[in-house]
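Asker: Starting off with a structure, shown below.
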There are 4 protein chains.
Amino acid sequence: MSRPLRADARRNRAKILAAAEQVFAEGGPEASTEEVARRAGVAAGTVFRHFPTKADLLRALMKDLLEQVTADAAELATSGDPATGLFEFFGRLVRRTAANRTVVGLLAVPLSGPITSLADVVAELLRRAQEAGAVRLEVRPDEVMALLESTCQGALSGAWTDDLRDRTLEIIFFGLRAHRPLPHPGTGWAES
Amino acid sequence: MSRPLRADARRNRAKILAAAEQVFAEGGPEASTEEVARRAGVAAGTVFRHFPTKADLLRALMKDLLEQVTADAAELATSGDPATGLFEFFGRLVRRTAANRTVVGLLAVPLSGPITSLADVVAELLRRAQEAGAVRLEVRPDEVMALLESTCQGALSGAWTDDLRDRTLEIIFFGLRAHRPLPHPGTGWAES
Amino acid sequence: MSRPLRADARRNRAKILAAAEQVFAEGGPEASTEEVARRAGVAAGTVFRHFPTKADLLRALMKDLLEQVTADAAELATSGDPATGLFEFFGRLVRRTAANRTVVGLLAVPLSGPITSLADVVAELLRRAQEAGAVRLEVRPDEVMALLESTCQGALSGAWTDDLRDRTLEIIFFGLRAHRPLPHPGTGWAES
Amino acid sequence: MSRPLRADARRNRAKILAAAEQVFAEGGPEASTEEVARRAGVAAGTVFRHFPTKADLLRALMKDLLEQVTADAAELATSGDPATGLFEFFGRLVRRTAANRTVVGLLAVPLSGPITSLADVVAELLRRAQEAGAVRLEVRPDEVMALLESTCQGALSGAWTDDLRDRTLEIIFFGLRAHRPLPHPGTGWAES
DNA sequence: TATGAATGAGCCTTCATTCAT
DNA sequence: CATGAATGAAGGCTCATTCAT
């Protein structure tokens with residue numbers, strides 16, 4: 001592929017991505033490329049040199065985001081408490097999304113590679129949670145992904161308070177959970 | 001107010017709404033008004049005579065949609081089986097949304113009247129389901145609306161098969177459901 | 001020419017002209033034909049049946065206006081005090097214009113016939129004023145018309161108070177007037 | 001603020017202003033921005049990069065014009081013959097306007113700074129002319145501005161020959177002028 | 001390579017005018 | 001004849017993308 005970028009070029013790429021994250025987080029994917037350039041302190045042309053197309057920029061952004069998220073999940077998948085890892089991750093992602101409209105782009109811009117690995121890590125989190133007896137055995141990875149996606153979208157609606165978001169998540173978690181003696185005198189489970 | 005439209009005008013209005021439904025269903029609210037006109041087989045000006053503003057067109061569309069949906073829910077709320085009404089409605093709406101991206105507009109275009117009544121009807125469905133012992137008592141109406149909204153959004157992702165959608169819904173329903181005597185065999189969870 | 005209109009047609013014509021006078025007085029010639037129709041209580045098509053073109057409507061309007069103004073002037077020219085008639089008329093017209101932006105149209109829409117007769121009546125007013133010794137003899141009709149037109153335009157600027165308008169007119173009248181001793185050689189006037 | 005434009009940009013800006021001067025001179029402020037672009041040999045977008053709004057373009061144009069005019073007046077106010085400066089300036093401006101309908105914009109587009117200074121300079125010209133005994137002492141600056149404005153407007157009518165214009169101006173000047181024994185025992189005319 | 005000006009297609013909207021009802 | 005819906009050409013403006021400097 002393209003050989004290693006010059007130092008300043010790499011720096012610019014980073015500045016642009018950082019600016020883009022802000023800009024698209026605020027304005028969603030409709031935000032203008034020019035605004036990204038402005039916020040990055042470069043000229044429009046520079047943005048297009050690095051990302052020939054607005055879609056490319058969005059894709060790159062989402063790849064980054066996914067990598068972070070995936071790394072986060074991967075850590076939970078190896079070091080955390082298996083019983084809570086999935087829920088913890090789910091909650092984190094939804095909260096993050098609420099502050100970052102970029103993710104809407106996930107709908108518009110077709111992703112290819114990395115998303116797979118997110119799915120992989122989520123699958124791992126799920127497996128562990130099931131092994132730990134925290135999640136019903138018949139829940140499948142694609143269902144978790146679907147719930148994740150939905151809830152992230154919902155979190156963008158702007159009308160969600162933190163409280164509503166947490167209560168809503170609780171219902172979904174309840175739906176995922178294996179209910180041994182079926183408690184719910186009080187929903188009785190902690191959320192970090 | 002405006003008296004009954006002339007026959008041809010009413011026909012055009014209908015054609016425009018139909019075209020708009022298609023166009024916005026496919027392209028979301030960003031789709032162009034011009035495209036709506038083209039698809040309706042009228043000139044741009046005609047669209048604007050009927051809906052002075054793009055937002056007006058979207059509002060009209062959504063009002064229609066909401067009215068249908070609300071009517072649907074209202075019927076379930078009065079005539080159907082209280083235990084299943086909420087779930088039935090939830091599923092119907094999600095399925096419907098999957099084929100109609102217009103609903104995204106619900107986020108962008110501020111609605112006034114009818115949306116309230118949708119929330120009202122949903123609250124009623126919820127109340128009945130709880131009375132019938134089908135839904136946990138601590139579930140609140142706003143949570144149901146939030147789940148509804150999220151799932152509808154998710155259903156737009158395009159990546160959902162009918163099967164995935166149904167399995168995902170089932171998890172949410174499980175989360176809503178009161179599991180005391182564990183009715184509903186086949187919803188199956190771990191360890192009998 | 002076109003034979004006498006049916007009674008209702010004539011009534012409509014009048015209603016339209018009346019509405020147009022209002023509308024254009026308020027909004028100038030940019031005002032929309034549709035607004036005229038609305039205010040006249042007829043449909044757009046009716047306006048165009050009577051006046052095939054917006055310009056035709058404006059022309060008709062101005063013809064009417066001119067006729068009134070001309071009649072006004074004609075009366076002053078026959079019955080009033082010769083020494084003050086011209087000034088009186090001048091002032092009236094300017095005041096009237098200030099409240100009626102339609103007159104701007106005089107610039108945009110080429111007039112033909114009637115304006116001549118206005119010029120004629122003004123010439124008559126001028127002649128009498130000169131005979132009465134109230135206006136310098138070398139003042140010519142076209143100059144008076146030019147001053148009239150200019151001042152009417154100026155009166156539209158919106159920034160004129162009644163007071164400013166009167167003081168400005170006074171200067172112009174002073175310029176027209178015959179000043180007894182008449183010194184100032186070189187400024188070129190009659191009777192050295 | 002914005003640092004010096006690139007050479008080509010400055011060239012374009014100039015081309016646009018030049019084209020705009022022509023276009024608006026011919027068609028008045030209603031003329032289309034697109035026509036300006038066409039005449040300047042640039043794309044529409046370029047015009048909007050330089051002047052984000054049509055009003056901005058008009059303002060820039062008028063600012064330029066006013067600056068020239070003001071500079072012109074300022075020079076007359078300091079170096080010329082006090083007795084004729086005002087008249088000279090008045091005449092120049094009217095002649096200039098006759099060839100430039102843009103000035104009509106002065107009515108439509110709200111100006112801020114420079115127009116004040118034009119009024120200031122005119123006031124100065126007036127003061128000097130009065131000191132020199134060339135203009136009646138009771139003439140006030142706002143009256144001169146009003147006459148100026150009116151006459152410029154009138155000059156746009158297209159129907160003025162150079163000769164008519166000069167004769168008309170002469171009457172106004174006569175109205176401004178101090179006439180030897182200064183008659184005007186009362187302005188002596190009735191106003192209704 | 002970065003810059004930032006230029007491009008030009010496309011968007012929403014308005015309005016004079018035409019024409020089916 | 002009147003009606004009022006339909007037309008379609010502009011118009012002002014935005015923005016992704018290209019390209020001269």
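Asker: Among the residues that make up the range A:9-19, is at least one of them surrounded by 13 or more Cβ atoms within 10 Å (Cβ to Cβ), aliphatic (A, V, I, L, M) and closer than 27 Å to B:PRO29 by Cβ?
Answerer: Yes, the conditions are met somewhere in the range A:9-19.
Asker: Has the range D:88-98 got at least one residue that is among the small types (Gly, Ala, Ser), in contact (Cβ under 8 Å) with a residue 60 or more places away in the chain and in contact with a Phe, Trp or Tyr (Cβ under 7 Å, 6 or more places away or on another chain)?
Answerer: There is at least one residue in the range D:88-98 that is among the small types (Gly, Ala, Ser), in contact (Cβ under 8 Å) with a residue 60 or more places away in the chain and in contact with a Phe, Trp or Tyr (Cβ under 7 Å, 6 or more places away or on another chain).
Asker: To continue, here is another question. Go through (1) under 18 Å from the mean Cα position of the chain (by Cα); (2) within 16 Å of DNA strand F (Cβ to nearest atom) for D:GLN68 and report which single condition fails.
Answerer: (2)
Asker: When only residues in the range A:77-118 that are hydrophobic (A, V, I, L, M, F, W, C) and modelled with pLDDT of 85 or more count, which is nearest to B:GLY28 (Cα to Cα)?
Answerer: A:VAL94
Asker: Determine whether the range B:21-42 contains at least one residue that is out of contact with any Cys (no Cβ under 6 Å at 6 or more places or on another chain), assigned by TED's automatic domain parsing to the domain that holds B:ARG127 and polar (S, T, N, Q).
Answerer: Checked the range B:21-42: no residue is out of contact with any Cys (no Cβ under 6 Å at 6 or more places or on another chain), assigned by TED's automatic domain parsing to the domain that holds B:ARG127 and polar (S, T, N, Q).
Asker: With the condition kept exactly as written, say whether any residue in the range C:64-76 is in contact with a Pro (Cβ under 6 Å, 6 or more places away or on another chain) and either modelled with pLDDT of 90 or more or in the same structural domain as C:LEU118 (by TED's automatic domain parsing) (or both).
Answerer: yes
Asker: Any idea how many residues of the range B:4-27 are near DNA strand E (Cβ under 7 Å from one of its atoms) and of a type outside the set (A, V, I, L, M, F, W, C)?
Answerer: Number of matching residues: 2.
Asker: Quick check on the range D:20-35: of everything there that is within 8 Å of DNA strand F (Cβ to nearest atom) and of a type outside the set (Gly, Ala, Ser), which residue is nearest to C:PRO29 (Cα to Cα)?
Answerer: D:GLU30
Each row is one residue, and each column tells you yes or no for (1) within 16 Å of DNA strand E (Cβ to nearest atom); (2) under 19 Å from the mean Cα position of the chain (by Cα); (3) free of Cβ contacts under 8 Å to residues at least 60 places away in the same chain.
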residue	(1), (2), (3)
A:PRO29	yes, yes, no
A:MET62	no, yes, yes
A:ASP81	no, no, yes
A:THR84	no, yes, no
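Asker: Now a separate question. Pick from the range A:46-60 the residues that are crowded, with 17+ Cβ neighbours inside 10 Å and within 14 Å of DNA strand E (Cβ to nearest atom): which of them is nearest to the other protein chains (Cβ to nearest Cβ)?
Answerer: Looking at residues that are crowded, with 17+ Cβ neighbours inside 10 Å and within 14 Å of DNA strand E (Cβ to nearest atom), I get A:LYS54.
Asker: Turning to a different aspect of this structure: Where residues in the range B:120-174 are closer than 14 Å to B:LEU86 by Cα and in contact (Cβ under 8 Å) with a residue 60 or more places away in the chain, which of them is farthest from the other protein chains (Cβ to nearest Cβ)?
Answerer: B:LEU169
Asker: For the range B:21-57, how many residues meet the condition of being part of a helix (DSSP H, G or I) and more than 27 Å from B:GLU149 (Cα to Cα)?
Answerer: The number of residues fulfilling the criteria is 13.
Asker: Against the definition (modelled with pLDDT under 95 and part of a helix (DSSP H, G or I)), how does A:THR168 come out, yes or no?
Answerer: no
Asker: Is it the case that A:ALA60 is within 8 Å of DNA strand F (Cβ to nearest atom), modelled with pLDDT under 95, assigned to a helix (DSSP H, G or I) and within 30 Å of A:PRO141 (Cβ to Cβ)?
Answerer: For A:ALA60, the condition - within 8 Å of DNA strand F (Cβ to nearest atom), modelled with pLDDT under 95, assigned to a helix (DSSP H, G or I) and within 30 Å of A:PRO141 (Cβ to Cβ) - is not met.
Asker: Would you please name the residue that is farthest from DNA strand E (Cβ to nearest atom), looking only at residues in the range A:31-45 that are within 26 Å of A:ARG95 (Cβ to Cβ) and surrounded by fewer than 21 Cβ atoms within 10 Å (Cβ to Cβ)?
Answerer: Restricting to residues being within 26 Å of A:ARG95 (Cβ to Cβ) and surrounded by fewer than 21 Cβ atoms within 10 Å (Cβ to Cβ), the top hit is A:ALA31.
The values are calculated or read from the model by the stated rules, or taken from the named source; none is laboratory data. This is a predicted model, so every value here is computed, not measured. Backbone-built Cβ (ideal geometry, glycine too); neighbour counts: all protein chains shown.
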